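What follows is a short report on a single structure.
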Amino acid sequence: MKARFLLIASLFLSGSALAQTTPPKRPLPIIDVHVHAMKVNPSFAIEMCPWFLRDMPGGDPNQQMRAFLNTSCVDPLQPAKSDQEMQDAVLATMERLNMTIVAYGDPQILRKWKKAAPDRVIPGIGVSGPNDMSVQAFTDSLSGGFYKVMGEVAPQYQGLSPSDMSLDGYFAAAEKLNIPVGIHMGTGGNGMANISQAKYRASLGRPFLLEDMLARHPKLKIWVMHAGYPMIDEMIGLMGANAYVYVDLAGFIWSYPQEEIHAYLKRLVRAGFGKRILYGTDFMVWPKLFEASISVIENADYLSFDQKRDILFNNAVRFFRLDPEKFK
Ligand SMILES: [Zn+2]
């Protein structure tokens, strides 16, 4: 009896000793390939209800524009109120979710984030038109070694095709330096052309517009941001013809109605491109957006566990030529 008691006691003790020395199990790694590192702009720091574009307002140019971010849900996402609050929230979320981000935007913010979490931030630099910076300045920036990615490249907002020759020198630099490129194609937000971006053209988001540029740069590795939404047929046609083109799910994954998001994602997977889809958010100011967006993938009942892992992690490791050992 006593011996048995001792055995149980020692089992209990070794169990608790084990619990004290074993670190808590980390969640499986995630890579978010589409994060904007921005200075907090108080006028843009408003609450947001994900999947808000389920009810496009039927407006009139003679009336005041209705706010296109609706806040009429039970638990709207809260924006960070200062740069420090933003950094703290992004860093804490990356730790909690075991997440690495590909981030671009304000160079000062980006350098601060990188310094605070060197293993979790992969910095990118974008050029969207010839007036942003010279090809030489861009090449010098890439050669410096800090930037590992070219993005977000968004000529569509400037009324330019990605194959416009005014951008060719930048793509040539990325190709030469073996830098992957993320290009905005497709959706730009509700009423973009007549509310905030007068030069924006929906037609300049057509995935086939990438073909001439890709033909000129056969070693360039690109991913089409926002998966060219909603032009799924051209997206599939482009990926079929160009073996190195990937897509990300950013933006539409948390703004359009969930049924529409799933129909688009399902079509990409059904067409055979499950290994070429990258998870991304288009994060701007709402720290809880990371979890809200991940839940869309986690809840996709038409995807297997392996397909979800590909989208959330494996495909990005392959695309960005990362070392999977570093994530163990
Ligand atoms: Zn974009």
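The values are calculated or read from the model by the stated rules, or taken from the named source; none is laboratory data. On a predicted model such as this, the values are computed, not experimentally measured, just so you know. Here the Cβ is made from the backbone with ideal geometry for all residues, glycine too, and neighbour counts use every protein chain on show.
Some points to look at:
- Of all residues in segment 130-153, exactly one satisfies the criterion of being assigned to a helix (DSSP H, G or I) and either within 18 Å of the chain's Cα centre (by Cα) or among the acidic types (Asp, Glu) (or both), namely ASP140.
- Pairs with Cβ under 9 Å, 6+ apart, first in segment 304-322 and more than 13 Å from TYR246 (Cα to Cα), second acidic (Asp, Glu) and assigned to a helix (DSSP H, G or I): LYS308/GLU298; LEU312/GLU298
- Filter pass, PHE290 being out of contact with any Phe, Trp or Tyr (no Cβ under 8 Å at 6 or more places or on another chain) and crowded, with 19+ Cβ neighbours inside 10 Å: no
- Entirely in segment 154-230, the helices (runs of 4 or more DSSP H) that have 2 or more residues that are free of Cβ contacts under 8 Å to residues at least 60 places away in the same chain, more than 16 Å from the ligand (Cβ to nearest atom) and among the basic types (Lys, Arg): none
- Residue-level check: of (1) in a helix (DSSP H, G or I); (2) more than 16 Å from the ligand (Cβ to nearest atom), LEU322 misses just (1).
- Of residues in segment 82-123 being among the hydroxyl-bearing types (Ser, Thr, Tyr) and not in a helix (DSSP H, G or I), the one farthest from LYS148 (Cα to Cα): SER82
- GLY59 within 16 Å of the ligand (Cβ to nearest atom) and either modelled with pLDDT of 95 or more or over 24 Å from GLY151 (Cβ atoms) (or both): no
- Only residues that are under 14 Å from the mean Cα position of the chain (by Cα), closer than 19 Å to GLY188 by Cβ and aliphatic (A, V, I, L, M) were counted across segment 251-277, and they come to 1.
- Checking segment 265-287 against the condition returns no match, with no residue being buried (at least 23 other Cβ atoms within 10 Å of the Cβ), within 16 Å of the ligand (Cβ to nearest atom) and in a helix (DSSP H, G or I).
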